[in-house]
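These notes are about the structure you will find just below.
The values are calculated or read from the model by the stated rules, or taken from the named source; none is laboratory data. Keep in mind that this is a model prediction, so the values were computed, not measured. Neighbour counts run over all protein chains shown; Cβ positions are idealised from the backbone, glycine included.
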Amino acid sequence: MIRDSFSEYHPFNNFLYFALVIGFSLALNHPLAQGIALVCACTYAISIDGKKSVLFLLKYCLPMVILTAFINPAFNHEGTTILLYFSNGNPLTLESILYGFSAGVMLVTLLLWFSSFNRVMTSDKFIYLFGKVIPALSLVLSMSLRFVPKFKAQMSTVTEAQRSIGRDVSNGSLWQRTKTAILIFSIMITWALENAIETADSMKSRGYGQKGRTAFSIYRFDERDQYTLIWLGFCGLFLLSGTLLSAFGFRYFPNVRYAALDMTTIPFYCVYFALCITPVVLNIKEERKWKTLVSKM
Amino acid sequence: MMKRIISLFLTLILLLSFTACSGNFAQVDLKEPIVLSEDGIVEKNVLDKIKNENAIATFTGKSGDIKYEWTIFGSDLADTRDVNLSLVLEETEKGIKVKFSETEDLGFPALLSIHLNERWKVDGATAFDGDTAVYSVSITGSKTSILNISVNKIVAECEILPDNEKAPESTPSTESSLNDKDDKNDTETNKTDDYLSDVKDNDDRVYSDGNATDQDKYKTDPVPEGKPMPVEPEDQEIDKKKSYTCTFSIECSTILNNLADLDPDKRELVPSNGVILAPTKVTFYEGESVFDVLQRVCKEKGIHLESSWTPIYNSAYIEGIHNLYEFDCGELSGWMYRVNGWYPNYGCSRYQLADGEVVEWRYTCDLGNDVGREGTW
């Protein structure tokens, strides 16, 4: 596991990167493009989270891909290649299996991107970027993104406090346990609502979203950020034009058809790979630099 | 620094727009209908272009005040030459007279659509050269009728007559006119002229007396007088000892009249004559419904079919046949079935078949109005 130096770049670059990779992961359904995105998303998630994300991958992501590949053909019978027939007479088609597989891969890729996004785009970065442009929305977004972990933490606090006065969810008859659980849940709901109002009031009293309000920030847009921005912008435009020229064209229904891989389309895949792998490359570069600096001392 | 970034982006955009534009330098746009010239001649190079781009092109012309349209599939073209596609159309007492300007066979099947100025209230029609039938005609169109003919062999002159006007023995054989490769032996056509008449001896279905005024419990409006009442799938008793035959066909010629609305991904699925299954004699067992037989026929012929059970109508709903689905050709499109010239107002699982019935599955692009369905929804 190496230190994630990409998250030390300017928040705008962080955000642009994730906007691009998530956008293209959603838009491109060419298996090669999906493969590139999946590999890069895995690599980045592992480089940030290490063992934890490997476990997550094996435990949840792999079954999810297999599950969607199986579930889709049960509901979707489109496609020209009929493999066999279900008992209700509808056909099982090769295309629907492939599509299910592709949808599963896309889902997993997005999950991985978002887990990295949550790690890199902390709420202070988010507020820094959007606090002035869309104050209300960015506050709501950052609050809701923070809601789940905060709710979990508060939940364990409340449960422990209740246990200390004898109301334990793991103790007593079924009726008693249910009663305690409902009580804890009710406390949590009250807390969540009150907490939201308090946060909003607190932000308002500090003049959040008002004109002329300045915010302290530790972010600087320095030279390396400029280069990164140019790189990300180039990749974004290049890939956008590739999408418009249907270099990533792929269709599953009614039969599989795709844009041929040749000299005109391969560059787009290379650039897509380069874009997706950018933070990992930056991290490795930083790591090397750090090591050479250390050895000189 | 900013200037450098901006200039970099601008060059990039410029480069990309050049690559995007360089692909299009054709003179004839095949996506729009092409108006036939005065003499009606389509040159070889235009046909070659259609062939090379594997496009579907339409040519429009006019004779008197009747419009006509040729649809040519690039995938059907082999050897090309200059062809004359102009026609002379004349309304006769009973039908339409067609005179071709071309004298030799086209060498490829082309779809001719004649747009009449009024609605022709017939189920089907046939084109006759004297007494021999040459083409079978599929009738579509909502307010005004469109006659669709798949033309391969050219005759100098023919007359299109409604099917109930001529004696059945002179009807054409499907193989020759529709250019169908399969089912040469068991195809049968249009022997349906006398179907409206009688109740068969071995038919124990209940027929509507036309007195009902309310919907039944599956939301079916009163069945018109003289038509068979629905038989619920759970009540159908299939007797495998008694087998009968009926005629099945599946066609989608309405799509060929509405190619602009068709999902572009589905274009290559549409047969150039609109026929997915030419009229075919099939065996069924007593008590089987239209749905049972459709499912079996499609399985046997390897035709894709997707259906879903709809409890409120107590019937299966046909979502797609041959990968052509509902809504693939406009919002009002989907599959409908006609038995002996009547579109039943209930689902195909509730229509119990009788011996000798003629079942046609037709794709509609206008809620059935373009395939000759009568009445309002």
Worksheet entry | Residue tally, condition more than 14 Å from A:Ala37 (Cβ to Cβ) and out of contact with any Pro (no Cβ under 8 Å at 6 or more places or on another chain), over segment A:80-114 | 11
Worksheet item: Here are some conditions: (1) in a loop (DSSP other than H, G, I, E, B); (2) touching a Lys or Arg at 6+ places or on another chain (Cβ under 8 Å); (3) not small (Gly, Ala, Ser). B:Glu90 meets all but one. Which one does it not meet?
Response: (1)
Worksheet item: For segment A:206-225, what are the residues that are modelled with pLDDT under 85 and charged (D, E, K, R)?
Response: A:Lys211, A:Arg213
Practice prompt. Kindly list the number of the only condition in (1) within 14 Å of chain B (Cβ to nearest Cβ); (2) modelled with pLDDT under 90; (3) surrounded by 14 or more Cβ atoms within 10 Å (Cβ to Cβ) that fails for A:Met203.
Written response: (1)
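Being within 30 Å of A:Val140 (Cβ to Cβ), within 14 Å of chain B (Cβ to nearest Cβ) and buried (at least 17 other Cβ atoms within 10 Å of the Cβ) narrows it down to one residue among A:Leu245, A:Leu229; which is it? Steps first, answer last, please.
On the way: A:Leu245 fails: within 30 Å of A:Val140 (Cβ to Cβ).
Matching residue, one of A:Leu245, A:Leu229: A:Leu229.
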Worksheet item: When you scan segment B:347-359, how many residues do you find that are touching a Phe, Trp or Tyr at 6+ places or on another chain (Cβ under 7 Å) and either buried (at least 21 other Cβ atoms within 10 Å of the Cβ) or of a type in the set (Val, Ile, Thr) (or both)?
Response: 6
Fill in: Residue list for segment B:348-361, filter: closer than 22 Å to B:Asp235 by Cβ and in a strand (DSSP E or B)
B:Gln352, B:Val359
Worksheet entry | In segment B:73-122, the residues that are without any contact (Cβ under 8 Å) to a residue 40 or more places away in the chain and closer than 16 Å to B:Gly274 by Cα | B:Gly74
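Yes or no, residue by residue, for (1) within 14 Å of chain A (Cβ to nearest Cβ); (2) out of contact with any strand residue (DSSP E or B) (no Cβ under 9 Å at 6 or more places or on another chain); (3) part of a strand (DSSP E or B); (4) closer than 30 Å to B:Gly74 by Cβ:
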{"residue": "B:Cys329", "(1), (2), (3), (4)": "yes, no, yes, yes"}
{"residue": "B:Tyr346", "(1), (2), (3), (4)": "no, no, no, no"}
{"residue": "B:Tyr363", "(1), (2), (3), (4)": "no, no, yes, yes"}
{"residue": "B:Asp366", "(1), (2), (3), (4)": "no, no, no, yes"}
Practice prompt. Quick one: count up the residues across segment B:256-287 that are surrounded by fewer than 20 Cβ atoms within 10 Å (Cβ to Cβ) and within 14 Å of chain A (Cβ to nearest Cβ).
Written response: 7
Discussion item. So, in segment B:331-344, how many residues would count as being in a strand (DSSP E or B) and either in contact (Cβ under 8 Å) with a residue 40 or more places away in the chain or within 11 Å of another protein chain (Cβ to nearest Cβ) (or both)?
Written reply: 4
Worksheet, complete the sentence: Of the residues in segment B:60-79, those that are polar (S, T, N, Q) and crowded, with 19+ Cβ neighbours inside 10 Å come to B:Thr71
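Could you list, in sequence order, all residues of segment A:245-267 that are within 14 Å of A:Gly79 (Cα to Cα) and in a loop (DSSP other than H, G, I, E, B)? Spell out the reasoning first.
Of all residues in segment A:245-267, those within 14 Å of A:Gly79 (Cα to Cα) come to A:251-257.
Of everything in segment A:245-267, those that are within 14 Å of A:Gly79 (Cα to Cα) and in a loop (DSSP other than H, G, I, E, B) turn out to be A:Tyr252, A:Phe253, A:Pro254, A:Asn255, A:Val256.
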Worksheet item: Mind checking whether some residue in segment A:169-185 is touching a residue at least 24 places away in the same chain (Cβ under 8 Å) and more than 14 Å from chain B (Cβ to nearest Cβ)?
Response: yes
Worksheet item: So A:Cys276 fits all but one of (1) more than 30 Å from A:Pro73 (Cβ to Cβ); (2) under 29 Å from the mean Cα position of the chain (by Cα); what number is the exception?
Response: (1)
Item to complete: Specify the residue that is farthest from the other protein chains (Cβ to nearest Cβ); the eligible residues are those in segment A:209-226 that are surrounded by 12 or more Cβ atoms within 10 Å (Cβ to Cβ) and closer than 20 Å to A:Ser7 by Cβ.
Response: A:Ser217
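One line per residue, one yes/no per condition, for (1) surrounded by fewer than 19 Cβ atoms within 10 Å (Cβ to Cβ); (2) without any contact (Cβ under 8 Å) to a residue 60 or more places away in the chain:
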position	(1), (2)
A:Thr43	yes, no
A:Ser53	no, no
A:Phe75	yes, yes
A:Asn88	yes, yes
A:Thr93	no, yes
A:Gly104	no, yes
Discussion item. Yes or no: segment B:309-320 includes at least one residue that is closer than 25 Å to B:Ser243 by Cβ, small (Gly, Ala, Ser), under 19 Å from the mean Cα position of the chain (by Cα) and away from chain A (no Cβ under 11 Å).
Written reply: no
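Within segment A:185-244, can you find the residues that are among the aromatic types (Phe, Trp, Tyr), over 27 Å from A:Pro149 (Cα atoms) and part of a helix (DSSP H, G or I)?
Selection gives A:Tyr227, A:Trp231, A:Phe234, A:Phe238.
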Worksheet item: Which members of segment B:254-299 meet the condition of being of a type in the set (Asp, Glu) and within 19 Å of A:Gly79 (Cα to Cα)?
Response: B:Asp263, B:Asp265, B:Glu268
Discussion item. Is it the case, given these coordinates, that A:Ser142 is of a type in the set (Gly, Ala, Ser) and more than 25 Å from A:Asn13 (Cα to Cα)?
Written reply: no
Discussion item. Residue under question is A:Cys270, and the condition is that it be within 14 Å of another protein chain (Cβ to nearest Cβ), closer than 16 Å to A:Ile36 by Cα and part of a helix (DSSP H, G or I); does it hold?
Written reply: no
Worksheet item: What are the residues in segment B:244-302 that are farther than 18 Å from B:Val358 by Cβ, within 17 Å of the chain's Cα centre (by Cα) and not in a helix (DSSP H, G or I), if any?
Response: B:Asn258, B:Leu262, B:Asp263, B:Val270, B:Pro271, B:Ser272, B:Asn273
